[in-house]
1. Against the definition (at pLDDT below 95 and of a type in the set (Val, Ile, Thr)), how does Val368 come out, yes or no?
2. Within the stretch 296-320, how many residues are farther than 14 Å from Ala406 by Cβ and either in contact with a Ser or Thr (Cβ under 7 Å, 6 or more places away or on another chain) or among the basic types (Lys, Arg) (or both)?
3. Please go through the stretch 368-388 and give me each residue that is buried (at least 24 other Cβ atoms within 10 Å of the Cβ) and over 19 Å from the mean Cα position of the chain (by Cα), ordered by number.
4. For Glu40, indicate whether it is assigned by TED's automatic domain parsing to the domain that holds Tyr144, modelled with pLDDT under 95, over 23 Å from the mean Cα position of the chain (by Cα) and over 30 Å from His439 (Cβ atoms).
5. Across the stretch 50-71, what is the total count of residues that are assigned to a helix (DSSP H, G or I) and more than 18 Å from Val391 (Cα to Cα)?
6. Kindly provide the set of residues from the stretch 293-333 that are of a type in the set (A, V, I, L, M) and either more than 20 Å from the chain's Cα centre (by Cα) or outside the structural domain of Gly356 (by TED's automatic domain parsing) (or both), ordered by number.
7. Between residues in the stretch 233-251 that are assigned by TED's automatic domain parsing to the domain that holds Met272 and farther than 22 Å from Ala60 by Cβ and residues that are at pLDDT 95 or above and part of a loop (DSSP other than H, G, I, E, B), which pairs lie under 8 Å by C-beta distance while being six or more apart or on different chains?
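The values are calculated or read from the model by the stated rules, or taken from the named source; none is laboratory data. Because the structure is predicted, anything quoted here is derived from the model rather than measured. Methodologically, a virtual Cβ is constructed for each residue, glycine included, from the backbone with ideal geometry; neighbour enumeration extends over all protein chains shown.
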Amino acid sequence: MFLSVFDMFKVGVGPSSSHTMGPMVAAAQFLDKMRAAPFEFHGLKATLHGSLAFTGVGHATDRATILGLAGFLPDSYDHEKAEAALEQIRETETVQPDGLPVLKFNPREDLKFDFGPNLPGHANGMILMATDAQGDVILQETYYSIGGGFVLTEAELAEGKATDEGAPVPYPFKSAVEMLEMAEQSGKTIAEMKKANEVSRGCHDSLANGCARIWQVMNDCIDRGLTTDGILPGGLNVRRRAKAIHDALQAERGMNINAPHTINDWMSAYAMAVNEENAAGGQVVTAPTNGAAGVMPAVIRYWLDHVPGASTSRIDEFLLTAAAIGGLVKFNASISGAEAGCQAEVGSASAMAAAGLCAVMGGTPAQVENAAEIALEHHLGMTCDPVKGLVQVPCIERNGLGAIKAVSAASLALRGDGEHFVPLDSVIETMRQTGADMHEKYKETSLGGLAVNVPNC
């Protein structure tokens, strides 16, 4: 099983990796399919199903699908160009992606939300269609956005292609037990094994440069969030809070009146800054998803700014360790809120961040595995119930608490010797089972939980 660090951490656009980035990627794949087909196309249609329908407007799934069919991609997304393109599409009722003719596409008529049963493969399903001059469908594909920006066709999902089974890698661990056994036998850290796997599929320079870019985008996102205030879009009138909290913390620091627990407010401010940017449709890094994008950056920033001896030269070690844990969760359970609730998003992010922090703080592989286990265990059962389908309440604050739990988990693990009662593999399997048993209304549909119990929403 191989999932690259660049699969787990993707540069993209908010507010959701599964509901915004995924549909945009699916649309791009469909355009490639059209370019390779021997047909003369005249129009496009799309239907959104399951969670993509129920929370689609709040998660900007309709917007992402439209832009994707116009040729936009998450990693090169330009907000101003996107706004201009949307306006033009509404006026002309057409799109013209590169390499294809002008195609009829009226978002009001050709993009439909299907609130019936989910498609059989996954809660996040969509069907894209291309039509001829008469409006008949001559090319069609079903896509599933399975979390974290990962997209599979119906056939790929059926074949189990959710992970890369390409050329062998030096350390092909599929479980935490295998990971620890390989670490003991090789004498390598988890990050060193993950790096060897990555290098076997590429080169040293691309790995180093890629990790540096991931952190740069994460850190820039924190900085934007800490200096921007105002009201978030979507109609809930949620006020950005990260800037005000950060300003107050800086003022208090100068007055030397900080209580020890104030460090939690710093972590929350970093995480909330990212998720406020995500909620506003800004550039973020999936870590492993957009809804949980604030946890990892917040913990890294906490480490760099508040822990003596921290160094940016070890960020790749942090990211590689976290990616190894995230890969185990994705391979053996899920990172999709629509599939397993928020335990799969913020829970997974917290486990990844705890593992990364433990590693750069000198933890052994056994302590790193313990840190991930503690963090994930204490997110079990967490529902995904975004109010009004927006990635704002409770998502923004939840990232702050996920970061705090990650740091606490790493600290507890470092106080021990790595031996513990519940293995990480058992917690991952428990999370999978809990997600399977969880009622659909608690899995990113906005049909239960806080989404229906907050007044005036």
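1. No.
2. Residues that pass the stated criteria total 2.
3. The answer is Val368, Glu369, Asn370, Ala371, Glu373, Ile374.
4. Answer is no for this residue.
5. 4
6. Hits for the stretch 293-333 are Leu304, Val307, Ala310.
7. Between residues of the stretch 233-251 that are assigned by TED's automatic domain parsing to the domain that holds Met272 and farther than 22 Å from Ala60 by Cβ and residues that are at pLDDT 95 or above and part of a loop (DSSP other than H, G, I, E, B), the close pairs are Lys243/Thr227; Lys243/Thr228; Lys243/Asp229; Ala244/Asp229.
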